[in-house]
Amino acid sequence: MLTFFLFALSLGPYVQLVATDGISIVWWSENDAPGSLEWGLSESYGERVSSAPDSFDHVPGFRHEVRLAGLQPNTRYFYRVVQGGTAQAAHFTTAVELGTDFSFAVAADPESKATEPVRNVMHRAVLDQIATREPRFLLYAGDLVDQGNAQDDWDAFWSDMSGFAATT
(Lines give C-alpha, C1' and ligand atoms only; values in the text may rest on other atoms or scores of the structure.)
Protein backbone atom coordinates (compact mmCIF):
# COMPACT_ATOMS: atom_id res chain seq x y z
CA MET A 1 0.00 0.00 0.00
CA LEU A 2 1.26 3.47 -0.88
CA THR A 3 0.74 6.00 1.91
CA PHE A 4 0.95 9.65 1.01
CA PHE A 5 3.10 12.07 3.05
CA LEU A 6 3.39 9.73 6.04
CA PHE A 7 6.25 7.30 5.44
CA ALA A 8 9.43 6.92 3.38
CA LEU A 9 7.74 6.75 -0.06
CA SER A 10 5.37 9.71 -0.20
CA LEU A 11 4.29 9.85 -3.86
CA GLY A 12 4.62 7.59 -6.82
CA PRO A 13 6.18 5.92 -8.53
CA TYR A 14 5.06 7.26 -11.88
CA VAL A 15 6.47 7.00 -15.39
CA GLN A 16 7.60 9.91 -17.57
CA LEU A 17 9.36 10.52 -20.88
CA VAL A 18 8.52 7.12 -22.36
CA ALA A 19 10.58 6.37 -25.49
CA THR A 20 11.28 3.31 -27.63
CA ASP A 21 14.58 2.79 -25.82
CA GLY A 22 14.11 4.43 -22.43
CA ILE A 23 11.85 5.72 -19.67
CA SER A 24 12.07 7.77 -16.48
CA ILE A 25 10.68 6.49 -13.18
CA VAL A 26 9.93 9.24 -10.65
CA TRP A 27 8.92 9.13 -6.98
CA TRP A 28 8.96 11.39 -3.94
CA SER A 29 10.16 10.62 -0.43
CA GLU A 30 9.92 12.39 2.91
CA ASN A 31 13.64 12.26 3.60
CA ASP A 32 16.82 12.72 1.62
CA ALA A 33 17.94 9.08 1.83
CA PRO A 34 18.83 7.51 -1.52
CA GLY A 35 16.32 5.03 -2.88
CA SER A 36 16.66 2.30 -5.45
CA LEU A 37 14.92 1.02 -8.55
CA GLU A 38 14.96 -2.67 -9.42
CA TRP A 39 13.87 -3.57 -12.93
CA GLY A 40 13.90 -6.24 -15.61
CA LEU A 41 11.89 -8.34 -18.04
CA SER A 42 10.30 -10.37 -15.23
CA GLU A 43 9.19 -9.84 -11.65
CA SER A 44 12.56 -11.18 -10.50
CA TYR A 45 13.97 -7.91 -11.94
CA GLY A 46 17.71 -8.56 -12.27
CA GLU A 47 18.90 -4.95 -12.52
CA ARG A 48 19.23 -2.37 -9.77
CA VAL A 49 20.14 1.31 -9.76
CA SER A 50 20.28 3.86 -6.93
CA SER A 51 18.61 7.25 -6.92
CA ALA A 52 19.95 10.55 -5.63
CA PRO A 53 17.14 12.74 -4.27
CA ASP A 54 16.65 16.38 -5.28
CA SER A 55 14.91 19.03 -3.18
CA PHE A 56 13.14 22.17 -4.28
CA ASP A 57 12.35 25.41 -2.46
CA HIS A 58 8.78 25.57 -1.17
CA VAL A 59 8.03 21.95 -2.13
CA PRO A 60 7.76 19.33 0.62
CA GLY A 61 9.73 16.13 0.20
CA PHE A 62 12.50 14.91 -2.05
CA ARG A 63 12.19 13.97 -5.73
CA HIS A 64 13.91 10.89 -7.13
CA GLU A 65 14.25 10.23 -10.86
CA VAL A 66 15.94 7.31 -12.56
CA ARG A 67 16.33 7.25 -16.34
CA LEU A 68 16.55 3.76 -17.84
CA ALA A 69 18.18 3.55 -21.28
CA GLY A 70 19.02 0.80 -23.76
CA LEU A 71 15.54 -0.74 -23.56
CA GLN A 72 13.73 -2.55 -26.37
CA PRO A 73 10.73 -0.97 -28.18
CA ASN A 74 7.18 -2.09 -27.35
CA THR A 75 8.39 -4.28 -24.48
CA ARG A 76 6.89 -4.77 -21.01
CA TYR A 77 9.31 -4.30 -18.12
CA PHE A 78 8.68 -4.83 -14.43
CA TYR A 79 10.06 -2.54 -11.75
CA ARG A 80 10.04 -1.92 -8.02
CA VAL A 81 10.91 1.26 -6.17
CA VAL A 82 12.45 0.73 -2.73
CA GLN A 83 12.59 3.71 -0.39
CA GLY A 84 13.33 3.12 3.26
CA GLY A 85 11.12 0.28 4.44
CA THR A 86 8.58 0.86 1.66
CA ALA A 87 8.47 -0.85 -1.73
CA GLN A 88 6.08 -0.30 -4.63
CA ALA A 89 6.03 -2.60 -7.68
CA ALA A 90 4.56 -1.90 -11.11
CA HIS A 91 5.29 -2.40 -14.82
CA PHE A 92 5.60 -0.24 -17.92
CA THR A 93 5.77 -0.79 -21.66
CA THR A 94 8.22 1.14 -23.82
CA ALA A 95 6.97 3.13 -26.80
CA VAL A 96 6.28 1.51 -30.14
CA GLU A 97 8.46 2.11 -33.16
CA LEU A 98 7.53 4.76 -35.71
CA GLY A 99 4.69 3.56 -37.95
CA THR A 100 3.21 1.18 -35.37
CA ASP A 101 -0.38 1.78 -34.24
CA PHE A 102 -1.12 2.49 -30.58
CA SER A 103 -3.92 4.01 -28.53
CA PHE A 104 -3.98 6.85 -26.04
CA ALA A 105 -6.63 8.54 -23.91
CA VAL A 106 -7.68 12.15 -23.48
CA ALA A 107 -9.56 13.28 -20.38
CA ALA A 108 -10.43 16.69 -19.04
CA ASP A 109 -11.13 18.57 -15.85
CA PRO A 110 -11.08 16.00 -13.04
CA GLU A 111 -10.81 18.99 -10.66
CA SER A 112 -9.86 16.85 -7.66
CA LYS A 113 -10.83 18.41 -4.35
CA ALA A 114 -9.90 16.89 -1.00
CA THR A 115 -13.00 18.25 0.73
CA GLU A 116 -15.42 16.85 -1.88
CA PRO A 117 -14.69 13.09 -2.07
CA VAL A 118 -17.40 12.49 -4.69
CA ARG A 119 -15.17 14.23 -7.26
CA ASN A 120 -12.39 11.75 -6.48
CA VAL A 121 -14.79 8.80 -6.75
CA MET A 122 -15.80 10.02 -10.22
CA HIS A 123 -12.17 10.60 -11.22
CA ARG A 124 -11.21 7.05 -10.17
CA ALA A 125 -14.20 5.65 -12.09
CA VAL A 126 -13.06 7.47 -15.24
CA LEU A 127 -9.51 6.19 -14.75
CA ASP A 128 -10.81 2.63 -14.28
CA GLN A 129 -12.68 2.86 -17.60
CA ILE A 130 -9.64 4.30 -19.38
CA ALA A 131 -7.43 1.53 -17.97
CA THR A 132 -9.62 -1.16 -19.57
CA ARG A 133 -8.51 0.20 -22.98
CA GLU A 134 -4.81 -0.09 -22.08
CA PRO A 135 -3.72 3.26 -23.53
CA ARG A 136 -0.03 4.02 -24.00
CA PHE A 137 -0.49 7.41 -22.36
CA LEU A 138 -3.11 9.72 -20.90
CA LEU A 139 -3.35 13.38 -21.89
CA TYR A 140 -5.21 15.70 -19.53
CA ALA A 141 -6.81 18.92 -20.78
CA GLY A 142 -8.11 21.44 -18.30
CA ASP A 143 -8.03 21.67 -14.54
CA LEU A 144 -6.41 18.77 -12.69
CA VAL A 145 -7.39 20.12 -9.27
CA ASP A 146 -9.96 22.58 -7.97
CA GLN A 147 -7.45 24.92 -6.29
CA GLY A 148 -3.93 24.91 -7.76
CA ASN A 149 -2.42 26.32 -4.57
CA ALA A 150 -4.11 23.75 -2.27
CA GLN A 151 -1.70 20.90 -1.45
CA ASP A 152 -4.54 18.68 -0.19
CA ASP A 153 -6.21 18.91 -3.63
CA TRP A 154 -2.94 17.81 -5.29
CA ASP A 155 -2.61 14.99 -2.76
CA ALA A 156 -6.15 13.84 -3.65
CA PHE A 157 -5.37 13.99 -7.40
CA TRP A 158 -2.16 11.96 -7.08
CA SER A 159 -3.84 9.50 -4.74
CA ASP A 160 -6.40 8.83 -7.49
CA MET A 161 -3.65 8.61 -10.12
CA SER A 162 -1.19 6.43 -8.17
CA GLY A 163 -1.81 3.04 -9.79
CA PHE A 164 -2.52 4.44 -13.24
CA ALA A 165 0.50 6.74 -13.37
CA ALA A 166 2.82 3.92 -12.34
CA THR A 167 2.14 2.07 -15.59
CA THR A 168 0.85 4.59 -18.15
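The values are calculated or read from the model by the stated rules, or taken from the named source; none is laboratory data. Since this is a predicted model, take the numbers as computed values, not measurements. A quick note on method: Cβ atoms are made from the backbone with ideal geometry, for glycine too, and the neighbour counts reach across all protein chains shown.
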> Which one of THR20, THR86 is surrounded by 15 or more Cβ atoms within 10 Å (Cβ to Cβ) and under 24 Å from ALA156 (Cβ atoms)?
Replying inline: THR86
> Looking at region 147-167, is at least one residue at positive phi and modelled with pLDDT under 90?
Replying inline: no
> Can you name the residue in region 89-138 that is among the hydrophobic types (A, V, I, L, M, F, W, C) and assigned to a loop (DSSP other than H, G, I, E, B) and, of all such residues, is nearest to VAL15 (Cα to Cα)?
Replying inline: PHE137
> Do you know which of the residues in region 16-45 that are of a type in the set (Gly, Ala, Ser) and in a strand (DSSP E or B) is farthest from the chain's Cα centre (by Cα)?
Replying inline: GLY40
